[in-house]
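The block underneath contains the structure these notes are about, expressed in structure tokens.
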Amino acid sequence: MPIRLSGMVSGMDTDSLVEALVSSYKMKKDNLVKAQTKLSWKQDKWKSMNSNIYKFYSGKLSAARLSSSYSIKTASVSNSSVAKVTAASGAVNGSQTLEVDELASTGYLTGGVIENSDGSKLTLSSKISEVKGLQGFSSGSFTVTTKDGANEINVTSDTTINQFVAKLKEAGLNANFDTSNARFFISASESGADNDYTLTASNASGIDLMQNLGIYATTLKSAKEYEAWANYTDEELEEMAQKTAKNQVKSVDDRAKKYAEEYNAAYNAAKVIKDKNGSLSEMESKKAEYETKMAEYDEYKSVDEEGNVTYDTEAIDAAGKSADFKKDKANLDNISKAIENYNKYQDTMSEKEDYIVKLDSGKASVATEGSPAYTKIQAEYDADYEAKYQENLDSYKQKRTYAANLIANGGEAAATGASANAVRIEGKDSKIILNGATFTSSSNTFAINGLTIQATAKTNGEVVNITTDTDVDGIYNFVKDFIKEYNMLIKEMDVNYNAASSKGFEPLTDDEKSAMSDDEVEKWEEKIKTSLLRKDGTLGMTMNSLKADMAAAIKVDGKSYSLASFGIQTLGYFASPENETGVYHIDGDSEDTATAGTSDKLRKAIASDADTVISFFSQLATKVYTDLGDRMATSATSSAYTIYNDKEMNTQYSEYKTKITDAEDKVTTWEDYYYKKFSAMESALSNINSQQSSLSGYFGKG
């Protein structure tokens with residue numbers, strides 16, 4: 001801002017005069033600022049109101065449309081320590097008997113303690129050959145069998161404990177090695193007998209491996225697994241090998257998709273480079289040009305024995321060539337890298353070209369059955385599949401031979417012993433008896449005829465009772481919460497719509513604020529803010545629509561009902577407190593002083609005919625939801641899920657910003673104009689005074 005020294009000669013208060021002369025322009029600018037501020041406050045007011053409307057719309061109102069939202073059934077157990085029971089809408093009211101005979105368990109192995117052969121602590125990076133007892137170990141294998149099939153685990157002396165855990169996980173188990181306790185912990189992915197697993201050795205070194213890793217535990221299931229392996233026919237082993245190979249080898253369609261994706265990624269990357277730098281020949285021409293320029297700096301260049309090039313940047317800087325050198329070197333480095341990447345992407349496309357269908361654009365489409373590319377991918381898949389199949393089959397035949405020899409020598413338990421301190425829990429199914437009928441599950445949870453039963457303990461011969469009934473309190477509380485949230489919203493809308501007028505109050509300028517106390521400013525602005533939505537047309541229409549929908553009659557099975565049918569109504573125009581004429585009260589609500597002493601019609605209606613109550617409120621909520629949703633739909637002036645014209649307001653705010661800038665420029669322009677005028681006047685007066693002084697001097701000499 002310029003420093004102006006004026007009025008020095010004339011003695012006039014120039015600043016005050018200029019301020020008075022431009023006051024009309026400044027007032028226009030201030031009025032625009034006030035209008036923009038008021039609009040900003042109104043935007044904030046609407047955002048808050050819209051947020052509450054949307055919260056009701058997407059929350060309780062949306063939920064109230066769905067019969068599933070109402071907790072319509074309740075279930076209790078005579079002995080809650082043995083089971084937890086919940087009831088859905090389809091559950092039959094009445095009493096049922098329950099016995100819990102067995103709880104489900106997950107197949108779990110707590111491995112035995114293992115040690116490092118040198119006495120140090122084992123870590124995840126320790127090799128298998130470092131484990132005590134496995135110093136001379138070369139390789140071995142065992143089979144993990146889960147519900148998804150058999151997976152061979154191959155281990156060598158260089159396999160780390162962490163890699164071994166990863167192999168178990170890849171085979172479908174949960175596995176971990178606890179370094180603090182030096183034990184493996186292995187479990188099935190899910191509970192239940194069918195989800196249990198077995199670890200069975202494929203050969204003698206496999207047994208040795210499992211024993212010394214502390215994961216060998218003799219179980220009835222593993223014994224049966226060996227017996228099963230010994231009795232597999234060639235055909236069964238072939239089928240198992242085929243199934244496993246299919247899981248191990250990526251399908252033809254997956255390969256086709258992968259090739260197309262890789263081709264297109266390389267194509268797009270190469271196109272970006274080409275669009276920026278031109279064709280390969282053009283790039284190479286640029287590179288040659290930059291190499292020629294870089295030859296100018298050869299006197300500063302040195303090359304070591306390995307061919308690495310360095311430049312004496314200090315000498316280049318001293319010669320005043322630093323800027324050009326950096327630019328030329330950057331250009332050469334960039335174009336060299338671009339050529340390198342372009343060639344790399346071209347090579348990638350060339351590698352994939354036989355496996356894709358090329359489009360006219362140069363891009364690739366996924367090869368489909370019948371195309372030469374698909375045939376090539378099929379051949380690749382067949383080769384991979386055949387190799388895996390043969391590998392699996394050879395392994396399974398070896399396993400069969402080992403299992404047969406083991407059994408012939410006295411069985412698993414007779415041939416080898418379990419790892420010391422290893423504990424194995426077999427996976428089991430849970431079993432309950434409901435009304436005399438037996439049900440089993442791999443978990444402890446049963447879903448039976450609308451009941452969800454979670455068994456937590458055995459009943460040990462005790463028969464407990466499950467009682468199912470209509471959840472009157474659940475339905476009542478849901479309806480009450482729905483009405484409560486509606487009341488809060490409708491009251492807020494009424495308060496804003498019927499707010500007192502703030503006529504004569506406008507946002508304050510900084511000068512006006514400085515003349516008032518902080519408390520006075522706050523009260524002044526609050527007066528304006530509370531009235532911003534007073535008699536607002538959009539608010540009024542939305543509010544009246546909500547009130548009309550809530551008062552509507554709804555037909556259930558041919559009979560007409562309203563909220564009043566269930567003892568839910570307003571207090572009327574004269575009895576209602578201010579801004580609460582649209583607020584509903586529930587007869588018999590102990591928390592509502594206005595209706596606490598009246599008869600509880602809602603609770604009685606739920607107890608006698610819950611289906612009618614639920615149907616009524618579902619339909620009512622759907623009507624309100626639909627109408628309110630229509631009002632919140634996107635339009636040219638409003639965004640989606642917005643009740644007011646937010647887009648239009650944003651535009652108006654931006655327009656004010658432009659107008660204010662223009663008004664400020666106009667004030668500045670006129671201020672400069674008048675200051676120049678007064679400055680010229682001061683200069684003229686100064687000249688006149690100077691001339692008078694000079695004349696006086698002449699006359700004085702005479």
Apart from one, (1) among the acidic types (D, E); (2) outside the structural domain of A553 (by TED's automatic domain parsing); (3) within 25 Å of K484 (Cβ to Cβ) all hold for E682; the odd one out is (3)
Within the group E289, E261, E296, E239, which residue is without any contact (Cβ under 8 Å) to a residue 60 or more places away in the chain, exposed (fewer than 15 other Cβ atoms within 10 Å of the Cβ) and outside the structural domain of A367 (by TED's automatic domain parsing)? E239
Quick check on my filter: what residues within the stretch 547-592 are farther than 22 Å from D627 by Cβ and assigned to a strand (DSSP E or B)? K559, H585, I586
Suppose we keep only residues that are at pLDDT 95 or above and not in a strand (DSSP E or B) within the stretch 444-459. Which one would you say is farthest from S80 (Cα to Cα)? N444
Among the residues of the stretch 378-400, is there at least one that is under 38 Å from the mean Cα position of the chain (by Cα) and touching a residue at least 60 places away in the same chain (Cβ under 8 Å)? yes
Per the filter on the stretch 618-637, residues in contact (Cβ under 8 Å) with a residue 60 or more places away in the chain, under 19 Å from S562 (Cβ atoms) and either surrounded by fewer than 16 Cβ atoms within 10 Å (Cβ to Cβ) or not aliphatic (A, V, I, L, M) (or both) are S618, Q619, T622, K623, Y625, D627
Could you list all residues from the stretch 617-637 that are in a helix (DSSP H, G or I), within 31 Å of the chain's Cα centre (by Cα) and either outside the structural domain of S51 (by TED's automatic domain parsing) or not hydroxyl-bearing (S, T, Y) (or both)? A621, V624, D627, L628, G629, D630, R631
Name the strands (runs of 3 or more DSSP E) wholly inside the stretch 65-126 in which the number of residues that are under 27 Å from S187 (Cα atoms) is 1 or more. 83-87, 94-102, 108-110
Please work out which residue is nearest to L563 (Cα to Cα), limiting yourself to the stretch 441-496 and to residues that are among the acidic types (D, E) and surrounded by fewer than 16 Cβ atoms within 10 Å (Cβ to Cβ). D481
Exclusive hit being surrounded by fewer than 16 Cβ atoms within 10 Å (Cβ to Cβ) and of a type outside the set (K, R), set N650, N645: N650
Scan the stretch 83-100 and report the pairs whose first residue is more than 21 Å from T459 (Cα to Cα) and whose second residue is surrounded by fewer than 15 Cβ atoms within 10 Å (Cβ to Cβ), with Cβ atoms within less than 8 Å and a gap of 6+ or a chain change. S89/S67; S89/S68; G90/N449; A91/N449; V92/N449
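The rows are residues; the columns are (1) over 30 Å from T375 (Cβ atoms); (2) buried (at least 20 other Cβ atoms within 10 Å of the Cβ); (3) within 38 Å of the chain's Cα centre (by Cα); (4) not aromatic (F, W, Y).
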position: N154; (1), (2), (3), (4): yes, no, no, yes
position: S191; (1), (2), (3), (4): yes, yes, yes, yes
position: Y197; (1), (2), (3), (4): yes, yes, yes, no
position: D208; (1), (2), (3), (4): yes, no, no, yes
position: A230; (1), (2), (3), (4): yes, no, no, yes
Give the residues of the stretch 582-611 that are among the β-branched types (V, I, T) and surrounded by fewer than 18 Cβ atoms within 10 Å (Cβ to Cβ), sorted by residue number. T593, T598
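Give the residue that is farthest from I466 (Cα to Cα), with candidates limited to residues of the stretch 55-75 that are of a type in the set (S, T, Y) and surrounded by 15 or more Cβ atoms within 10 Å (Cβ to Cβ).
First, pick out the residues of the stretch 55-75 that are of a type in the set (S, T, Y): 57-58, 62, 67-71, 74.
Now narrow it down to the ones that are surrounded by 15 or more Cβ atoms within 10 Å (Cβ to Cβ): 57, 62, 69-71, 74.
Numbers: Y57: 37, S62: 32, S69: 23, Y70: 21, S71: 17, T74: 10 Å.
Within the stretch 55-75, the match that is farthest from I466 (Cα to Cα) is Y57.
Has the stretch 661-680 got any residue that is of a type outside the set (K, R), farther than 23 Å from N31 by Cβ, out of contact with any Phe, Trp or Tyr (no Cβ under 6 Å at 6 or more places or on another chain) and exposed (fewer than 12 other Cβ atoms within 10 Å of the Cβ)? So that I can check it myself, show each step before the final result.
Initially, the stretch 661-680 is screened for residues of a type outside the set (K, R), giving 661-665, 667-675, 678-680.
From what is left, the residues that are farther than 23 Å from N31 by Cβ are 675, 678-680.
With out of contact with any Phe, Trp or Tyr (no Cβ under 6 Å at 6 or more places or on another chain) added as a condition, the list becomes 675, 678-680.
Add one more test, that the residue is exposed (fewer than 12 other Cβ atoms within 10 Å of the Cβ), and what stays is 680.
Looking through the stretch 661-680, at least one residue is of a type outside the set (K, R), farther than 23 Å from N31 by Cβ, out of contact with any Phe, Trp or Tyr (no Cβ under 6 Å at 6 or more places or on another chain) and exposed (fewer than 12 other Cβ atoms within 10 Å of the Cβ).
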I want to confirm something. Restricting to the stretch 242-258 and keeping residues that are surrounded by fewer than 19 Cβ atoms within 10 Å (Cβ to Cβ) and in contact with a Gly (Cβ under 8 Å, 6 or more places away or on another chain), which single residue is farthest from D347 (Cα to Cα)? K243
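Pick from the stretch 156-187 the residues that are closer than 28 Å to Q390 by Cα and small (G, A, S): which of them is surrounded by the fewest Cβ atoms within 10 Å (Cβ to Cβ)? Reasoning before the result, please.
Step one: list which residues in the stretch 156-187 are closer than 28 Å to Q390 by Cα, which gives 156-160, 163-173.
Checking which are small (G, A, S) leaves us with 157, 166, 171-172.
On the way: S157: 15, A166: 13, A171: 20, G172: 17.
Here the answer is A166.
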If you check every pair at least six apart or on different chains, which have Cβ atoms under 8 Å apart with a residue in the stretch 593-617 that is in contact (Cβ under 8 Å) with a residue 60 or more places away in the chain first and a residue that is outside any helix (DSSP H, G or I) and of a type in the set (S, T, N, Q) second? I606/T470; A607/T470; A610/T470
Return the only residue of V613, V556 being in the same structural domain as E485 (by TED's automatic domain parsing), of a type in the set (V, I, T) and under 40 Å from the mean Cα position of the chain (by Cα). V613
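The values are calculated or read from the model by the stated rules, or taken from the named source; none is laboratory data. All values reported here derive from a predicted model rather than from experimental measurement. Cβ coordinates were reconstructed from backbone atoms using ideal geometry, including for glycine residues, and neighbour counts include every protein chain displayed.
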